[in-house]
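Only one structure is covered here, and it is reproduced in the block below.
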Amino acid sequence: MNLMHRCVLTAALCVSLAGCAGTPSTAKTEDPFENTNRAVHSFNTTVDRYSLKPVAKAYRAVLPGFARQGISNFYANLTTPASSLNNFLQGKPQSGMTELSRFVFNSTVGIGGLVDVSAMSGVEAETEDFGQTFAVWGVPSGPYIYLPFLGPSTALDVAAWPLDFFSNPVNLIDDTGTQDKLRVLDIIQIRAQLLAAEGLLEDADDPYIALREAYLQNRLYRIYDGDPPISDEEEDLFNEFFDEVEDD
């Protein structure tokens, strides 16, 4: 199972546990802005329910799976050069070269990134961003922040966001109309990908906490490349969960 799949499953497990636990202890979670965060979460949920979610459902209903996958591959490919740079900045030259080769190969043989030929050849993505790089350099994540329209984040990721934003080629396009269309399509395809997982949040006793814990655990998992420093009890729980999934 590659890192991306494990990250998704880690988030799913955290959501499930948060839902089963009702309102779990948050002693280890730095959330001093919880009241404000909850208000923004409620606002985002309402906006999403009446705008983005219906569009994402229509997008999923109209476009066949292979077309949606191609669009997802295209946008993922655009972030690969920045991912390569962040791998180098984190002292992982081999991963940096892997990401660079994936970009060249997918951009050419993969028809502009629409087809992830690298993954088909067994070369999986090793995605990194500037927030992860700063975390690897020892910068603390800071408090959890729920942003209007953008969703869950941390103080560190908010600070790193401009670097991630301007390293994306879409945001460097001079033609504003083309840039806006590409941004909107990216938002829709990301939202459509989340449709399958949102049932876990809806079943949670406290969706805010479920999403917060899932996001923070998933983020920690990515920062440590799939091997975060967790307690023995947590490690046993995660290993048991992943073993059951891989056996299915």
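The values are calculated or read from the model by the stated rules, or taken from the named source; none is laboratory data. Remember, it's a predicted structure, so these values are computed and weren't measured experimentally. Backbone-built Cβ (ideal geometry, glycine too); neighbour counts: all protein chains shown. These area figures cover heavy atoms from the full protein model, side chains too; ligands, DNA and RNA do not enter into them. Shrake-Rupley method; radii C 1.70, N 1.55, O 1.52, S 1.80 Å.
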For the range 103-234: relative contact order, % (alpha-carbon pairs under 8 angstrom, 6 or more apart): 16 percent
Two decimals is fine: what is log10 I(q)/I(0) at q = 0.20, 0.22 Å⁻¹ for the range 114-217, from a Debye sum with one equal scatterer on every Cα and no solvent? -1.32, -1.33
Could you tally the net charge around GLY91, taking each other residue with its Cβ under 15 Å from the Cβ of GLY91, Lys/Arg +1 and Asp/Glu -1? -3
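Within the range 119-226, what whole-number % of the accessible surface is contributed by carbon and sulfur, with the 1.4 Å probe and all protein chains included in the calculation? Before the final figure, lay out the partial values.
Working: 3550 of 5600 Å².
Carbon with sulfur: 63 percent of the solvent-accessible area.
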Roughly how many Å² is the accessible area per residue of the range 155-236, as a whole number, for a 1.4 Å probe? 57 Å²
Along the principal axes of its C-alpha atoms, what lengths does the range 38-127 span, in descending order and rounded to whole Å? 44, 33, 17
Take THR176, THR46 and sort them by solvent-accessible surface of the protein heavy atoms, 1.4 Å probe, largest at the top. THR176, THR46
